[in-house]
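Report on one structure; see the data block that follows.
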Amino acid sequence: MSRIEKIRVLIAEDQTLIREGIATLLAQQNDDFEILPGAADGEQAIEFARRYRPDVILMDLQMPRVDGIAATQRILRELPQTHIVVLTTFETNDLIFEAVSAGAKAYLLKDARMEEIASTIRAVINGQSGLSPSVAARILDEFKRLRGPRVSAKLPVRDGLTARENEILTLIVEGKSNTEIGEQLHLAEGTVKNYVSTILEKCQVKNRTELAIKAITY
């Protein structure tokens, strides 16, 4: 990767040793990362995002002055092209849901291997999901718990999908199987499967859970 194409990474973490350790290890992964000056709290993360315009921010959630979720919201309002990857020690369903709802593209724990952190950064830069299947499933469960099982009825029509594809997407968010979708829409199961494959490709996700998450949080 040429210097022009390097991924500019900002690390927002209040513990100096952790912040500097991640920066050092990440820089050793490959030559495709440019590590920007690190932020010691959420307010500084916002300031540095404005100043340095990073491609990706590794964002801790529990930080002084402004927490990681509020910082994510403020940064993405001003710099929507920025990719936020949460890196934290907390993995409760409500925090995961809040972070992704705020706009985070991935959610990792601090005990993740550096190779996983690096590959997640590359994935979100390339427009791919950075959510593991287990995290995605927990987000969907939390969303349904908070909003109710019929929230899909309020989904907006997604540009790029046909009317039939939007109809099938709504039923996927409700958790229906291909067989159930086929019965409800009077379609052969194989036809539904082809529709689902097309929707996954158009929405650039890998599976139904990620598709549902994208439909309800973006």
Can we say L79 is touching a helix residue (DSSP H, G or I) at 6+ places or on another chain (Cβ under 9 Å) and modelled with pLDDT of 90 or more?
yes
Exactly one condition in (1) under 15 Å from the mean Cα position of the chain (by Cα); (2) surrounded by fewer than 20 Cβ atoms within 10 Å (Cβ to Cβ); (3) at pLDDT 95 or above is false for Y52; which is it?
(1)
Over the stretch 56-89, the set of residues in a loop (DSSP other than H, G, I, E, B), surrounded by 15 or more Cβ atoms within 10 Å (Cβ to Cβ) and either aromatic (F, W, Y) or within 14 Å of the chain's Cα centre (by Cα) (or both) is T82
If I ask for residues that are surrounded by fewer than 21 Cβ atoms within 10 Å (Cβ to Cβ) and in a helix (DSSP H, G or I), which ones from the stretch 23-43 would you list?
A23, T24, L25, L26, A27, E43
Go through (1) closer than 18 Å to T24 by Cα; (2) touching a Leu at 6+ places or on another chain (Cβ under 8 Å) for S119 and report which single condition fails.
(2)
Of all residues being open to solvent by 60 Å² or more (accessible area, probe 1.4 Å) and modelled with pLDDT of 90 or more in the stretch 189-218, which is nearest to the chain's Cα centre (by Cα)? Just the residue, please.
S197
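The values are calculated or read from the model by the stated rules, or taken from the named source; none is laboratory data. Keep in mind the model is a prediction, meaning the values are calculated, not measured. Neighbour counts run over all protein chains shown; Cβ positions are idealised from the backbone, glycine included. We work out accessible area using only protein heavy atoms, side chains counted, and drop any ligands, DNA or RNA first. Shrake-Rupley method; radii C 1.70, N 1.55, O 1.52, S 1.80 Å.
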